[in-house]
Structure formats: structure tokens, C-alpha cells
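These notes concern the structure reproduced below.
FYI, it's all coordinate maths here, none of it is from the lab. Since the model is a prediction, treat every value here as computed from it, not as a measurement. Glycine also receives a Cβ, built like all others from the backbone with ideal geometry; neighbour counts cover every protein chain displayed.
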């Protein structure tokens, strides 16, 4: 008669273990695919509003707009080996282009807009 309680205990333990062993997500940074995002902090020190474009070899893609005398953060998925920007100052009549820089996934850049020039600064290099 002692086998029945032992059998019931084994069945209960098996069901409990199966219920608790659901799929778990890998902690961020451990076994997870690395982020392909690039973060760009735009500091518009000019009085004019600016339209920001990501410049690629054959064209450009609009990133967003930044009002004069403000700072804004943009995050974009990026898979190409280099990155460059074009800044169109509204009312300024001229488009400024940054230098082209090598880029890695997860990298952070500062894009500084001042009267007369635009500068792209990678953080942590």
C-alpha cells in the first residue's frame, strides 16, 4: 500500500516541474542578439530649426526635425558600415553634410549644429 502515495507524489512532482519549466527569455546581453540600433543626440545651437537626414551612398532618409536651441535624441536601426548626416537649416538656405564615419551596432553619436557648420562626434572613441 505504500506504492500508491509514492506514485501520486511522483506524478505531482512531474506535473509541477513541467509547469514551472516554461520558456524563459535569455537575460539581455547574455545569449541575446546584439542591438543593431545607433543613437544620435542632436544639439541644435542655431536659432533656425533643422531637418536631419541620414545620408547613404545613393540618397538620404529623413531622421527628423530639431527646433532651434534644443536637443533631441534619435534611435535608428543601422546595418551599414558607415554613417553620415545632412542638415538642412530652415531659413538658412544651405545644406550642411557631416564627414562619413565608421559605425558599429549600439554606437552613440553627437551631432552638433552651430552657425555655419555641423559636426559629428562619436562618443567613447
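Identify the residues of the stretch 78-115 with backbone N under 13 Å of a label point that sits 7 angstrom from the Cα of residue 47 along the Cα-to-Cβ direction, or state none.
So the set is 91-92, 115.
Order of 98, 61, 56 from fewest to most other C-beta atoms within 10 Å?
In increasing order of surrounding Cβ atoms, one gets 61, 56, 98.
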